[in-house]
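Below is one structure, written out as structure tokens, with a few remarks after it.
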Amino acid sequence: MTTLPIEERIVHMIAQLTPVRPAEIQMQHRLREDLGLDSVCSMELLSMLAEQMDLDVPIEEAMGITTVGEAVAMARRHLAARGA
Amino acid sequence: MTSALATLGRTAEESELLASLAAGIERLARAEIRPLRIDRERRIPTAVLSALAEMGLFGLSIPEAYGGSGLSMQGVCAAVATLARFDRSVATTVGLQLGLGTRGLVAFGAEELKGALLPELAAGRAIAAFAATEAGAGSDLSAIRTTAVEEPPGGLRVEGSKIYVTNGALASVFTVLASTPGLGGARRGHSLIVLRRSDPGVSTAGEEEKLGLRGSSTTGLQMDDARVPLGRVLGTPGRGMDHAAHVLAWGRTAMSAGCVGAARAALELTSAHVATRRQFGRPLAAFEVVRAQLADAAAIAFAMEALVRATCELEGRPEELAMRSIAAKVFCSEGDWEICDLAVQLHGGAGFIEDTGVALLLRDARITRIFEGANDVLLAAHGGFAAASPPVRAPLDAPAADALAASIAALRAHLRDRFGVRLMAQQRQLHRLGRLAVLSEAADAAVRRAAAEDTAGARALAAHWVEMARRRAAPLLEEIEPIEAIDAALRSAP
């Protein structure tokens, strides 16, 4: 199960998909404009996050995510819903 | 048999110009364009390039205000299809100028830059190229390393190297996709930048030796501490990927039109051959298997042309155009290959001999499945679009095409329910969704074309293609083989 905080997990995933170094990635960064992920790559990132954390996230919800922080909040929401 | 695409413009005036261009191109081709010689000598004769420029072909897509003809995307495609009937290298050289080469400048260039460059380009005195691919960045453009940084006051310094630049040796104007960190406030943004051959630090490398399209120039582009004014950035700084998507949509559509023209040429040569070549006491055309193969090829060619037209109808609707141009590119490049391969096969041993001309058609067709986005990458992306935002489709008055679309929609809904957002990482699922979407889009386009043309021939070709699409879709609608089984086979491979 999860041992790393969600923030850390997503930062590592972004670093896999882009040349950005983990230390440079901030929660307010926009996936597209600041991190250079196009829409397909952004969906791939959210898909990887859902896969790793075993979350059932509908595609519509993922499509509304534009920043790193929103992705983290999305994952938290689904974890909380699962725990409830 | 002249393809309807060759003379079909968006307006009556455009159709008239296209008809006269088609006649001019045909005259020039018969008199001066020698495909086998172009292939052998690996260059298009200067006299042919001059004649094409004289006819205004290099300026067809450039607005009239800058000396061009201001044709619509449909008009540009018509001209490219006509050229490709005669020679693919010529069609690629001109098509590149009309699409990828000048589209960024026309759509996003500042007035001063357009005024300085477009008149020369329209007259064919200057040739344009588009440089995106790098050694480490093919289909994945986000990996490009060419970088342009601001050099106050008002300058840019560009560093990097591009490969596989079509028109490289001929071009004096290059639209380059570069990483532009910080420009326009986008931390990791990209921008399209216009470079001129005369700019300090800009140079091209030698010609590549290629499998096909040997008359079309392909070189590298080197930027060593190149300095240009900031005004060379096209459109919004940092939005280069979005602008490139627009330019690529034009490029893919023009390339698809080239596939239509070449496939037509292959079909014409093959129809003539099977009518006269006799074996076992009968012409080849009398054999049932040959007739079935030719009918399939004719139906594919009909659908290819229909899909190019359907793509052109989306000019001015960038997001839909981007998606549809992917479908057209994949379908037309595969259709071109399939038809040219059949042409070689039905020519028998003669098809393998260069003098027949069909071997050249096959070699020239091969790259179209790779450049402007490798088809497998595009299919997965197309499937991703289809999965994330399913296209709205109004039912057509064609039960077979509607049933095909409905079965694909049902699969898409099933996969979205099963995987949620995780579907976007299921590459083989996206790939098959993409392929199914392409089949359905081509079926719809063929049905709509038949309805518009309203002839028995068009209806028969459309009906045959829809039936073929249904049969080709059937195995893709089945559950895919588990990845574990595939990996097990892969591990056992020698």
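Of all the numbered requirements in (1) in contact (Cβ under 8 Å) with a residue 60 or more places away in the chain; (2) surrounded by fewer than 22 Cβ atoms within 10 Å (Cβ to Cβ); (3) within 15 Å of B:Val233 (Cβ to Cβ), B:Gly109 misses one, and that requirement is (2). Would you confirm, using the coordinates I've provided, whether A:Ala50 is of a type outside the set (D, E, K, R), facing chain B (nearest Cβ under 9 Å) and crowded, with 17+ Cβ neighbours inside 10 Å? The answer is yes for A:Ala50. The listed residues are B:Thr82, B:Thr92, B:Thr102, and the only one of them that is more than 25 Å from B:Thr219 (Cα to Cα), β-branched (Val, Ile, Thr) and crowded, with 24+ Cβ neighbours inside 10 Å turns out to be B:Thr82. Looking at (1) closer than 21 Å to B:Leu360 by Cβ; (2) among the acidic types (Asp, Glu); (3) at pLDDT 95 or above, which is the one condition that is false for B:Glu26? Of the numbered conditions (1) closer than 21 Å to B:Leu360 by Cβ; (2) among the acidic types (Asp, Glu); (3) at pLDDT 95 or above, the odd one out for B:Glu26 is (3).
Mind checking whether some residue in the stretch B:386-399 is more than 10 Å from chain A (Cβ to nearest Cβ) and touching an Asp or Glu at 6+ places or on another chain (Cβ under 7 Å)? Yes, the stretch B:386-399 contains at least one residue that is more than 10 Å from chain A (Cβ to nearest Cβ) and touching an Asp or Glu at 6+ places or on another chain (Cβ under 7 Å).
With respect to the conditions (1) within 14 Å of chain B (Cβ to nearest Cβ); (2) modelled with pLDDT under 90, A:Arg30 falls short on a single one, namely (2).
The set of residues in the stretch B:201-234 being surrounded by fewer than 21 Cβ atoms within 10 Å (Cβ to Cβ) and in a loop (DSSP other than H, G, I, E, B) consists of B:Gly201, B:Ala205, B:Gly206, B:Glu207, B:Glu208, B:Glu209, B:Lys210, B:Leu211, B:Gly212. Filtering B:Ala244, B:Ala285, B:Ala275 for residues that are in contact with a strand residue (DSSP E or B) (Cβ under 9 Å, 6 or more places away or on another chain), over 26 Å from B:Ile370 (Cβ atoms) and not in a loop (DSSP other than H, G, I, E, B) leaves a single hit, B:Ala275. Applying the selection to the stretch A:9-25, what residues are at the interface with another protein chain (Cβ under 10 Å from one of its Cβ atoms) and of a type outside the set (A, V, I, L, M, F, W, C)? Scanning the stretch A:9-25 gives A:Thr18, A:Pro19, A:Glu24.
Evaluate the stretch B:32-54: report whether one residue or more is of a type in the set (Gly, Ala, Ser), buried (at least 19 other Cβ atoms within 10 Å of the Cβ) and not in a helix (DSSP H, G or I). Checked the stretch B:32-54: no residue is of a type in the set (Gly, Ala, Ser), buried (at least 19 other Cβ atoms within 10 Å of the Cβ) and not in a helix (DSSP H, G or I). Scanning the stretch A:53-67 for residues that are more than 15 Å from B:Ser389 (Cα to Cα) and more than 7 Å from chain B (Cβ to nearest Cβ) yields a count of 5. For B:Glu319, the criteria (1) surrounded by 19 or more Cβ atoms within 10 Å (Cβ to Cβ); (2) within 12 Å of chain A (Cβ to nearest Cβ); (3) within 23 Å of B:Leu100 (Cβ to Cβ) hold in every case but one, which is (1).
In this structure, is B:Ala381 within 14 Å of chain A (Cβ to nearest Cβ), assigned to a helix (DSSP H, G or I), closer than 22 Å to B:Thr253 by Cβ and at pLDDT below 95? So B:Ala381 passes the test. If you go through the stretch B:329-367 and keep only what is farther than 26 Å from B:Pro283 by Cβ and of a type in the set (Ser, Thr, Tyr), you end up with just B:Ser333. Among the candidates B:Leu183, B:Leu195, the residue that is under 18 Å from B:Phe108 (Cβ atoms), of a type in the set (A, V, I, L, M) and at pLDDT below 95 is uniquely B:Leu183. Got at least one residue in the stretch B:345-359 being under 22 Å from B:Ala443 (Cα atoms), acidic (Asp, Glu) and either within 14 Å of chain A (Cβ to nearest Cβ) or assigned to a helix (DSSP H, G or I) (or both)? Checking the stretch B:345-359: not a single residue is under 22 Å from B:Ala443 (Cα atoms), acidic (Asp, Glu) and either within 14 Å of chain A (Cβ to nearest Cβ) or assigned to a helix (DSSP H, G or I) (or both). Report, by residue number, each residue of the stretch A:14-43 that is farther than 22 Å from B:Gly185 by Cα and either in contact with a Pro (Cβ under 8 Å, 6 or more places away or on another chain) or surrounded by 21 or more Cβ atoms within 10 Å (Cβ to Cβ) (or both). If the condition is that a residue be farther than 22 Å from B:Gly185 by Cα and either in contact with a Pro (Cβ under 8 Å, 6 or more places away or on another chain) or surrounded by 21 or more Cβ atoms within 10 Å (Cβ to Cβ) (or both), then A:Met43 is the only one that fits. Under the condition of being of a type in the set (Lys, Arg) and in contact (Cβ under 8 Å) with a residue 24 or more places away in the chain, which residue from the stretch B:380-423 is surrounded by the most Cβ atoms within 10 Å (Cβ to Cβ)? That would be B:Arg412.
Just so you know, in the stretch B:424-459 the residues that are touching a residue at least 24 places away in the same chain (Cβ under 8 Å), farther than 29 Å from A:Asp54 by Cβ and surrounded by fewer than 17 Cβ atoms within 10 Å (Cβ to Cβ) include one that is nearest to the other protein chains (Cβ to nearest Cβ), and it is B:Ala451. Scanning the stretch B:235-257 for residues that are of a type in the set (Val, Ile, Thr) and surrounded by 24 or more Cβ atoms within 10 Å (Cβ to Cβ) yields B:Val247, B:Thr253.
Answer with yes or no whether B:Ala171 is out of contact with any Asp or Glu (no Cβ under 6 Å at 6 or more places or on another chain), surrounded by fewer than 22 Cβ atoms within 10 Å (Cβ to Cβ) and assigned by TED's automatic domain parsing to the domain that holds B:Ala137. Spelling it out, it is not the case that B:Ala171 is out of contact with any Asp or Glu (no Cβ under 6 Å at 6 or more places or on another chain), surrounded by fewer than 22 Cβ atoms within 10 Å (Cβ to Cβ) and assigned by TED's automatic domain parsing to the domain that holds B:Ala137.
Conditions (1) at pLDDT 95 or above; (2) over 26 Å from B:Gly138 (Cα atoms); (3) among the acidic types (Asp, Glu); (4) in contact with a Cys (Cβ under 6 Å, 6 or more places away or on another chain), marked per residue:
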site: B:Gly316; (1), (2), (3), (4): no, yes, no, no
site: B:Arg324; (1), (2), (3), (4): yes, no, no, no
site: B:Val330; (1), (2), (3), (4): yes, no, no, no
site: B:Glu334; (1), (2), (3), (4): yes, no, yes, no
site: B:Ile339; (1), (2), (3), (4): yes, yes, no, no
site: B:Leu342; (1), (2), (3), (4): yes, yes, no, no
site: B:His347; (1), (2), (3), (4): yes, yes, no, no
site: B:Ile370; (1), (2), (3), (4): yes, no, no, no
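If you check B:Arg157, B:Arg187 for being surrounded by fewer than 22 Cβ atoms within 10 Å (Cβ to Cβ), away from chain A (no Cβ under 14 Å), out of contact with any Phe, Trp or Tyr (no Cβ under 8 Å at 6 or more places or on another chain) and not in a helix (DSSP H, G or I), only one passes: B:Arg157.
The values are calculated or read from the model by the stated rules, or taken from the named source; none is laboratory data. Bear in mind the structure is a predicted one, so any value in this text is a computation, not a measurement. Every residue, glycine as well, gets a Cβ built from its backbone with ideal geometry; the counts of neighbours run over all protein chains shown.
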